[in-house]
1. Which value, in debye to the nearest 20, gives the size of the charge dipole of segment 1-50 about its Cα centre, when Lys and Arg are +1 and Asp and Glu are -1 at the Cβ?
2. From Cα coordinates alone, what are the radius of gyration and Dmax values for the chain in angstrom?
3. Which ³J(HN,Hα) values, rounded to whole Hz and listed in residue order, are derived for segment 158-168 from phi using the Karplus coefficients 6.51, -1.76 and 1.60 in 6.51 cos²θ - 1.76 cosθ + 1.60 with θ = phi - 60°, glycine and proline given as x?
4. Over all alpha-carbon pairs in segment 7-92, figure out the percentage whose distance exceeds 17 Å.
5. With every protein chain left in place and a probe of 1.4 Å, what is the accessible surface of Thr51, to the nearest 10 Å²?
6. Output needed for segment 70-160: three equivalent-ellipsoid semi-axes, defined as square roots of 5 times the C-alpha gyration tensor eigenvalues, in descending order, whole Å.
7. Provide Ile17, Ile27 ordered by accessible surface of protein heavy atoms (probe 1.4 Å), highest first.
8. Rounded to a whole number, what % of the accessible area of the chain do carbon and sulfur atoms account for, probe 1.4 Å?
Amino acid sequence: MDKGFVLVSTPYVVGDIDFHRSVIILINNSDKNYMGFIINKKLDFSLREITKKIKKHIPLYYGGPVERDNLFYIYKSKIKVNGTEKLTNDISWGGDFDEILDLINKNIISKNDIKFFMGYSGWSDIQLNNEIEDKSWELFDNPSQLMIFSNKTDMIWKSFIMSFGNKYILWSNLPENPNHNWQIKLLHQ
């Protein structure tokens, strides 16, 4: 696996609130460790509530359980920022934070071009390989910007999981909480 790959949690991730129905973009794999951000778990507050330097409403996402008090970001590679690191041809991360905020305030970067994360997800090489062998994750390479920067967070996991074909078709159509199926059935009886 290389940076820019996406991990898609499978139905075998049971009882893990951090990774249930998560889609994670990997941003590096140095020193036999992996780091990534959950792209589909929007938080209930915005960047403007974290820093007074921003004038616009920009959503924040839960990047993962590690260093939840730190802010990280990915953005479309058409945006040029000092210190940028490319993940794919279309997606970059890092770079000068003040420069990013200035570009947002000048309307050069919109909320559709960037995602900010509180925290990140991390694994050792052995740990992640074991989780993949246990079928907790499916790998997806070369994700499109459309999928990564979608604001329809409730559809991101479903879109990725359906890309694996019929393998998870049943799971893709279940509500996030399967108990809701029983409640609906009882209402209609």
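The values are calculated or read from the model by the stated rules, or taken from the named source; none is laboratory data. Because the structure is predicted, anything quoted here is derived from the model rather than measured. Using ideal geometry, Cβ is built from the backbone for each residue, glycine included, and neighbour counts are taken over all protein chains shown. When the accessible area is computed, the model is the full protein with side chains, heavy atoms only, and any ligands, DNA or RNA have been set aside. Shrake-Rupley method; radii C 1.70, N 1.55, O 1.52, S 1.80 Å.
1. Roughly 120 debye for segment 1-50.
2. 17.4, 61
3. Result, ordered by residue: 4, 4, 5, 5, 6, 5, 8, x, 6, 3, 10 Hz.
4. Result for the distance tail: 59 percent.
5. So the heavy atoms of Thr51 present about 20 Å² to solvent.
6. 27, 16, 12
7. Ile17, Ile27
8. Exposed carbon and sulfur together represent 50 percent of the surface.
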